[in-house]
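Student: Structure in structure tokens, see below.
Bear in mind these aren't lab numbers, they're just calculated from the coordinates by the rules spelled out. As the structure is a computational prediction, the values presented were derived from the model and not from experiment. Here the Cβ positions follow ideal geometry from the backbone for every residue, glycine too, while neighbour counts run over all protein chains shown.
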Amino acid sequence: MTMLKAGTAYFLWVFGAGFALGVLRELWLAPWLGTRAAELVEMPVMLLVIVLAARWAVGHFALPDRLGVRLGAGMLAVGWLLLAEVTLVLGLRGISLAEYLASRDPVAATAYAVSLLLMAAMPWLLGRAGRR
């Protein structure tokens with residue numbers, strides 16, 4: 001149950017920050033820099049959010065330093081994030097999943113995929129870093 005709570009809280013922090021930054025990106029940065037550059041500029045900020053949110057969730061919920069628990073919380077958070085993104089993006093834009101994926105910039109989409117992998121692993125990575 002702790003893993004479920006931690007993963008959900010982790011998702012909520014990352015999603016909330018990503019939603020706010022996404023609005024700023026789309027309304028301000030993208031028209032000025034272009035979509036690819038705007039998404040890439042946002043990426044380091046989101047990676048910082050991921051680290052801080054994972055650190056908070058691990059500490060707040062006292063997640064045991066076990067691979068399955070920490071990775072489970074991270075994977076749950078990524079699952080919630082993908083579900084929310086697909087639901088919101090497709091609902092707001094009124095397009096299919098295939099159209100959405102085809103519209104993504106390949107460079108920014110690759111950076112996003114890497115950030116999702118880091119998000120899934122971050123609770124576990126923080127535990128490994130803490131042992132050193």
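Student: Using a Gaussian network model on the chain with a 10 Å cutoff between Cα atoms, which of A73, A121, A98 fluctuates the most?
Tutor: Of the options given, A98 has the highest mean-square fluctuation.
Student: With +1 on each Lys and Arg Cβ and -1 on each Asp and Glu Cβ, how big is the dipole of the chain about its Cα centre, in debye rounded to the nearest 20?
Tutor: Values: 11 positive and 7 negative charges, 119 e Å.
The dipole magnitude comes to about 580 debye.
Student: While we're on this one: Using only the Cα atoms of segment 12-68, what semi-axes does the equivalent ellipsoid have when each is the square root of 5 times a gyration tensor eigenvalue? Give whole Å, largest first.
Tutor: Values: eigenvalues 179, 22, 9 Å².
Sorted largest first and rounded, they come to 30, 11, 7 Å.
Student: Right, something else. Sort Y100, Y10 by Cβ crowding within 10 Å, fewest neighbours at the top. Working shown, then result.
Tutor: Details: Y100 14, Y10 30.
With the fewest neighbours first, Y100, Y10 line up as Y100, Y10.
Student: Gaussian network model of the chain, Cα springs within a sub-10 Å range: biggest mean-square fluctuation belongs to which of L40, L118, L90?
Tutor: Most flexible of the set in this elastic network: L90.
Student: In a GNM of the chain with a 10 Å cut-off on Cα contacts, which of W28, W13, W80 has the highest mean-square fluctuation?
Tutor: W28
Student: Follow-up. Can you give the helix-only mean residue ellipticity at 222 nm for the chain, where every DSSP H stretch with n ≥ 4 adds -39500 (n - 2.57) and the sum goes over all residues, rounded to the nearest 500 deg cm²/dmol? Could you put the intermediate results ahead of the total?
Tutor: Working: 6 runs with 112 residues, N = 132.
Value at 222 nm, helices only: -29000 deg cm²/dmol.
Student: Could I ask something else about it? Using only the alpha-carbon atoms, what does the chain span along each of its principal axes? Please give whole angstrom values in decreasing order.
Tutor: In descending order, the Cα extents are 43, 28, 22 Å.
Student: Got the relative contact order for segment 1-93 handy, in percent, Cα pairs under 8 Å and 6 or more residues apart?
Tutor: Details: 65 pairs, mean separation 45.4, N = 93.
Once divided by the residue count of segment 1-93, the mean separation gives 49 percent.
Student: Related question: Please give me the summed charge of the neighbours of A113: other residues whose Cβ is under 14 Å from its Cβ, Lys and Arg +1, Asp and Glu -1.
Tutor: Summing Lys and Arg as +1 and Asp and Glu as -1 gives -2.
Student: Compute the separation of the alpha-carbon centres of segment 12-51 and segment 55-75 and state it in Å as a whole number.
Tutor: 25 Å
Student: Answer with one residue from P31, L90, L76: the one whose Cα lies farthest towards the positive end of the charge dipole of the chain, charges on Cβ with Lys, Arg +1 and Asp, Glu -1.
Tutor: Of P31, L90, L76, it is L76.
Student: Further question: Given 0.36 nm per residue, what is the gain on full extension from W28 to R55 after removing their alpha carbon distance, in nm?
Tutor: Working: separation 27, 0.36 × 27 = 9.72 nm, distance 2.98 nm.
Value of the extension gain: 6.7 nm.
Student: How far apart, in nanometres, would the label points at V41 and K5 be if each is projected 7 angstrom from Cα along the Cα-to-Cβ direction?
Tutor: Distance between the two pseudo-spin positions: 4.0 nm.
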